[in-house]
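The values are calculated or read from the model by the stated rules, or taken from the named source; none is laboratory data. It should be emphasised that the depicted structure is a prediction, and the values quoted were computed from it without experimental measurement. Here the Cβ is made from the backbone with ideal geometry for all residues, glycine too, and neighbour counts use every protein chain on show. Side chains are part of the model used for accessible areas, which takes the heavy atoms of the whole protein and leaves out ligands, DNA and RNA. Shrake-Rupley method; radii C 1.70, N 1.55, O 1.52, S 1.80 Å.
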Protein chains: 2
Amino acid sequence: MTPGGIGTPAAAVDASPSKLKPSTKLSGKLSKEHDLVLRTFRLLIADLCQQFGGGHPGGAIGMAAIGIALWKYVMRYAPHTPDFFNRDRFVLSNGHTCLFQYVFLHLTGYKAMTLDQLKSYHSDRADAMCPGHPEIEHEGIEVTTGPLGQGVANAVGLAMATKNLAATYNRSGFEVVSNHTWCMVGDACLQEGVALEAISLAGHWKLNNLTVIYDNNQITCDGSVDLTNTEDVNAKMRACGWDVIDIEDGSYDVDGIVDALRQARQSSSRPTFINVRTVIGLGSAVAGQAEAHGAAFGEADVANMKRANGFDPDEFFIIPDDVRSFFEDLPARGERLVADWKRLTDEYTQRYPELGEEFASRVRGEIPSRWMSLVSTAFSDKPTASRASSGLVFNPIAKEINSFIVGTADLSPSVHMTWPGKQDFQNPGLRPACGPAGSYAGRYVHYGVREHAMCAISNGLAAFAPGTFIPVTSSFFMFYLYAAPAVRMGALQRLQVIHAATHDSIGMGEDGPTHQPVELAALFRATPNLLHIRPADSEETAGAWATAIAARHTPTLISTSRHKVRQLAPQTRRDGVAMGAYVLVEDDAADVTLIGVGAELALVLDTSIKLHRNHGIRARVVSFPCWRLFEAQPAAYKRDTLRRHAGLPAVVVEPYAPNGWERYADAGICLRRFGHSLPGEAAYRFFGYDVPSLTAKVAGYLAGLREGTYLRCEFADL
Amino acid sequence: MTPGGIGTPAAAVDASPSKLKPSTKLSGKLSKEHDLVLRTFRLLIADLCQQFGGGHPGGAIGMAAIGIALWKYVMRYAPHTPDFFNRDRFVLSNGHTCLFQYVFLHLTGYKAMTLDQLKSYHSDRADAMCPGHPEIEHEGIEVTTGPLGQGVANAVGLAMATKNLAATYNRSGFEVVSNHTWCMVGDACLQEGVALEAISLAGHWKLNNLTVIYDNNQITCDGSVDLTNTEDVNAKMRACGWDVIDIEDGSYDVDGIVDALRQARQSSSRPTFINVRTVIGLGSAVAGQAEAHGAAFGEADVANMKRANGFDPDEFFIIPDDVRSFFEDLPARGERLVADWKRLTDEYTQRYPELGEEFASRVRGEIPSRWMSLVSTAFSDKPTASRASSGLVFNPIAKEINSFIVGTADLSPSVHMTWPGKQDFQNPGLRPACGPAGSYAGRYVHYGVREHAMCAISNGLAAFAPGTFIPVTSSFFMFYLYAAPAVRMGALQRLQVIHAATHDSIGMGEDGPTHQPVELAALFRATPNLLHIRPADSEETAGAWATAIAARHTPTLISTSRHKVRQLAPQTRRDGVAMGAYVLVEDDAADVTLIGVGAELALVLDTSIKLHRNHGIRARVVSFPCWRLFEAQPAAYKRDTLRRHAGLPAVVVEPYAPNGWERYADAGICLRRFGHSLPGEAAYRFFGYDVPSLTAKVAGYLAGLREGTYLRCEFADL
């Protein structure tokens, strides 16, 4: 140890506020090589931030010893085969410390992560592999993180994926799926509700293959954590069913951390929480302070850090040969893991041909093509709630195809997503007071009233390996606002998750304005790479599910009704749903196009008839379940569907905020206020969604257009 | 006790599953009159659901004894003066059990809550006071609840309001603010992340004036709670800094509950969690089962319940005289509280005239009109990040006016919402490791990384009394998606909360697509009764804050830039913001209208100049900071601003999803994909938001319109 250097207790003590009392005693066991790796790593982080004068150095520097323990000693992975199926999954929930991961990916030999790429951090290179937060598109990154807390829930999903696959496919002597999930969190992640929901579930499910490592530096942007959080974190985790291990000297005690991680991997019955005391920005002039979090240290301080550590202040991005050689065995070790697993799965397939084939297909991310034949081709012509249609369409598929793992945020009786003989995903030791026992092979998940965790966990399930799982979530449409950050993260990561959102529109009724999602369609229609589909009846619901299942890189939200809707087939067409919108009733001599959507399409159809009967107005009718699918159609199809270029005015009817319908219509009978607590039909009447009111409004609009009180260049709210 | 009746242990034991082991022993202390009230209440709930064949009877029935304890013995309130300022606040976080509250409001003498009104529950009466969830508009309701977990956070806000007012205005012998906040929760509320965040904060702040009462019936929609939650709830609450009291026999032990509630009120240092074991739907055939949650019991079962309780099955909505007289003293008791408080505050005002006047003004919900003179009239002409402008405008107001209580979700260094001498809202005993101590009189709140709780707590602060507080929240715009359910609840309840959202648009830069809120404007612009304002520079930011503060019944989200933007005054005008949109550059001979917004307005202005210089195209420019304010303008103003009726095409420039701009423009240079991790300017260039690209796109669009490749009836994505 160089006296006064980054690695000495004195320096750390000087730099940290006295009250913070970070653990600073130097582990007696710190080897010379670990010491050098720690110094090198920390200075590399300082350089990488300093070159662009920004970034997040402090957390990454504080976590250095954890990184050595993970990547050198404990995690099972293959740098040269990054997508090795049975690899351990690592999630950096505190994603702003991404340099931590990027630098270890570089040191351990991930080929794409060159030193040149490392330097792209915060640069203006659009092809950089080192964005400001980890992104799933890049080698070695399991999930995109950044919005805090999401990663914890993703990690729970990844661990569930392992449990489910292991329970389904492993056989005695053939542990074809046996990986562990490691999740790094900072102080902030443990404050976010989505993480707290997921933590509760992981404890409940006894996911002993999950370890959360807490970078406990007691600093967030505002200052010390005790400004906002003085709870007993360990006691809280234990209350949630987790084992807890404390590491006092997280800055240097590599061996202690290794022991803790190994103990966590061997845990027989519970997930493990490792509380590691670290010092943010250790060795810098702002060590232990909020200032170390989100800014470069400045040239002078970086130079000082180098001097104190025996490095040349005029040299940058230095990785000594000894550090290179410390990590050089890892690619070969990884390839041995890959080869061992290949041998194991080959033997497994010989021993269990059918299971082996199914497993291999899951590994390849395929879903058996027979799912298509499982989509009902015909439905009862009785009025049916489209939430029930959703179940009629999807449940036979879920029952047969193991790729689907279906959950609900405590609305099983309402969302119609269960199938006969479904088994719950549960710790097999659970004996619930009411309800069946389950197993890890179960594919029906009771998430409890935790919409946000449900969707973020589902992202983790989907991220386990491309296509291996298609998670399905379900809740009332309104409550997807709780889950919106996770739905967004799924869309951003191109993860196929299907959200079965029921009780849509004011038709959901007496639960009132808190439950009537008048503005929510605007959000999800605006979210890139998300399909928002409102099917009108069973036929369109079949189209919605077929589209959602076929969209292997896109999440879908299927928005269905609580109340019964009339069956409109054969006018409605499932292939029409795939086009986003289609003509339900054509009329070459039409005066107006009426656009109907979802649960209100039948009303629009009836309005078109009444318009003709009472007013001599000829209306064509377009069903418009999905904007994004429609936008993907050729221009000619779009024009022929809407015929606005022919001078035909279009009126849309939907009890949601009109925002965005102005693209397709000249006037809207939409809702620019919150809803009202009334039984569904009464709510429709209260807001004028009945045939007489709609008819009068459309007729009035057309008259107004003739008289000039309405102008076609201005969207009219009717 | 009638053997075999609703009130007997035998009945309860028979009806509940053996494994659930609810506490069923009859308290020896149950008095005859309590027994009658319990029976009456439970049968009334059964009748009210049965009349419409729906609703949520189970929870309300299970909580009956808690209701007696609260409304008869412990809560301080005045049924005939429902808005009595120093009343205890009661929040029903499990809002679906609203009949619980409605019936007690009726029994305790709230004048508006007649028996006739009670019967309006789930009816098609649009003027009903008994919607499916409690609504703030109605007498005796403190906050609108329904989306689970929100109420817990609201209650924390209400308790903070008391603490802050008491610390600010109370003087020795003059406890002018001394009320307690009571919050009822079910199993589900304790699973929701927003509640867990708020619980952690309440413990941190040591809000000993807050009591959460847990209706622990161990049942949710899916079945028994242990399907999804097996944590040690009491241990978790203790780890979060709460006192915990258990009540074993919550079905009958009125006296025990009263003792616990009184103990909670007297708690000297911590909030209290009372864990009350109850039986959902007690006495019905589905007692203790999920089926009791959300459906009427059926005629036969209701009749059986009545018979078992000595009531006539052919009589409905029966309230015996003894029950009426049990509650009849409450209005008079309430008026004595009102009179005592009036006397106290009169004496207080005499003793402390200045303080008394300020307090009275707060009680009346006024803000001192001098706030207007505190809005800066001029700003530096240097480029300034509009987040910094936000601080320049608002902080002098916050400093002077006690109505404002300003918080951040751990982004103090980034959001610019602190003022010199600001004091933190903290438990005065806290000595943080880094950062100043605070007090309950402090008006700056460190919420930690808990965006959702921050906004839901702010709703509670605003709901304490109309206008007494104007809470201000702050975070990155992107993270308001975490808080969106609370932002929505504020808009629904017409609560004036101001959200200072910074780091908007892709200009926020290298943090990348997880932080670039491309679809978020679409959500908040579509949310009813919410002002979403994107100011362009300091002048417009002044207009945004002035508008937000003047909007006493409307929340506002002010969306500002991370990066420096050019000052455009005197072209920009604060009064223009109040109109929503206004003409920045007029040109009678214009070829096109360019619409600019927020941080990109200067780019649009420069584009208009280059269009003229390079292409001879004359462009007028409209600044468009707020849709909702613009929609409120007279039609003539709107037409004169946009001039689309004059055949002028309009092109909007905004790096957000275009959804809704189609109302105001014919083409958009908007963003229909997620962002990219690049420094701000590079991100703008990457997506074509630079003057050369914008100029080329607008010129190309106008040429395309002439040539017919673009049609004005179709919105064009450029």
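Put the Cα centre of region B:341-362 next to the Cα centre of region B:295-327 and the gap is 48 Å.
Among chain B residues, the beta-carbon with the smallest distance to the axis carrying B onto A is reported, with distance in whole Å, as B:Gly193, 1. Computed over chain A, relative contact order equals 12 percent, with contacts defined as Cα pairs under 8 Å that lie 6+ residues apart. With protein chains left intact and a 1.4 Å probe, residues in region B:9-333 average 28 Å² of accessible area per residue. Taking the empirical scaling 2.2 N^0.38 Å for compact globular proteins as reference, region A:619-708 has a Cα radius of gyration ratio of 1.20. When the charge dipole of chain B is built from unit charges on Cβ atoms (+1 for Lys and Arg, -1 for Asp and Glu) and taken about the Cα centre, the candidate among B:Gly448, B:Asn614, B:Leu344 whose Cα reaches farthest toward its positive end is B:Asn614. Inter-chain neighbour count for B:489-501: the average number of beta-carbon atoms from partner chains within 10 Å of each residue's beta-carbon is 1. Each copy carries B:Pro436; placing its label point 7 Å along the C-beta direction from Cα gives inter-copy distances of 6.1 nm, listed from smallest up.
Taken along the Cα-to-beta-carbon direction at a fixed 7 Å, the label points for A:Asp232 and B:Asp259 span 2.5 nm.
Between A:Arg351 and A:Ala437, the FRET efficiency estimated from the beta carbon spacing at R0 = 35 angstrom works out to 0.75.
Once all protein chains are placed together, B:Arg364 keeps about 130 Å² accessible to a 1.4 angstrom probe. A:Phe316: accessible area at probe 1.4 Å, nearest 10 Å²? Result for A:Phe316: roughly 120 Å² accessible. Above 65 Å, the calculated P(r) of the protein assembly as shown contains 8 percent of its Cα-Cα pairs. Here the protein assembly as shown is treated with +1 on each Lys and Arg Cβ and -1 on each Asp and Glu Cβ, and its dipole about the Cα centre works out to around 660 debye.
Inter-part distance, region B:501-553 to region B:165-196, computed on C-alpha centroids, equals 31 Å.
Taking all protein chains as they are arranged and a probe of 1.4 Å, the heavy atoms of A:Thr377 leave approximately 120 Å² accessible to solvent.
With every protein chain in place and a 1.4 angstrom probe, the accessible-area ranking of A:Cys434, B:Cys130, largest first, reads A:Cys434, B:Cys130. With R₀ set to 22 Å, the beta-carbon distance separating A:Phe52 from B:Ser380 gives a calculated FRET efficiency near 0.20. Kirkwood hydrodynamic radius computed over region A:371-565 comes to 16.6 Å, based on all pairs of distinct alpha carbons. Take each residue in A:128-141, count the other chain C-beta atoms within 10 Å of its C-beta, and the mean is 3. Relative contact order of region B:580-717, taken over Cα pairs closer than 8 Å and 6 or more residues apart, is 25 percent.
Each principal axis of the Cα cloud of region B:94-139 was evaluated for its coordinate range; sorted largest first, these ranges are 24, 23, 17 Å.
Each of B:Leu711, A:Ser559, A:Asn86 was scored by the projection of its Cα onto the charge dipole of the protein assembly as shown, and the greatest displacement toward the positive side belongs to B:Leu711; charges sit on the C-beta of Lys, Arg, Asp and Glu. Distances from A:Lys382 to itself in the other copies, using label points 7 Å out along the Cα-Cβ axis, amount to 7.4 nm in increasing order. Ignoring ligands, DNA and RNA, please state the percent of accessible area on chain B from carbon and sulfur, probe 1.4 Å. The value for chain B is 51 percent carbon and sulfur by accessible area. The residues B:His416, B:His676, sorted by heavy-atom accessible surface at 1.4 Å with ligands and nucleic acids left out, run B:His416, B:His676 from largest to smallest. DSSP beta bridges confined to region A:371-565 are antiparallel in about 10 percent of cases. On a C-alpha basis, how far is the centre of region B:685-716 from the centre of region A:461-477 in Å? Whole number, if you could? The distance from the Cα centre of region B:685-716 to that of region A:461-477 comes to 39 Å.
Projected onto their three principal axes, the Cα atoms of region B:9-333 cover extents of 58, 43, 40 Å, largest first. Percent of C-alpha pairs per 10 Å bin in chain B, short distances first: 3, 14, 22, 21, 16, 13, 8, 3, 1, 0. For A:Gln423, the distances from its label point to the matching points in the remaining copies are 6.2 nm, ordered from shortest, with each point set 7 Å beyond Cα toward Cβ.
Computed extension gain for A:Glu299 through A:Glu400, at 0.36 nm per residue and net of the alpha carbon distance, reaches 30.2 nm. Helix content alone sets the calculated 222 nm mean residue ellipticity of chain A: runs of n ≥ 4 DSSP H residues at -39500 (n - 2.57) each, divided across all residues, give -11500 deg cm²/dmol.
A viscosity of 1.567 mPa s and a temperature of 4 °C, combined with the Kirkwood radius over C-alpha pairs in the Stokes-Einstein formula, give region B:566-681 a diffusion coefficient of 89 µm²/s. Here the calculated FRET efficiency for B:Val244 and A:Ala360, from their Cβ-Cβ distance with R0 = 60 Å, stands at 0.70, rounded to the nearest 0.05.
Accessible area buried by the pairing of A and B, both sides summed with a 1.4 Å probe, works out to roughly 9500 Å². For peptide A:193-206, the mean count of partner chain Cβ atoms within 10 Å of a residue's Cβ comes to 5. Take the Cα of A:Glu335, go 7 Å toward its beta carbon, and the backbone nitrogen atoms of region A:99-122 under 16 Å from that spot belong to A:108-112.
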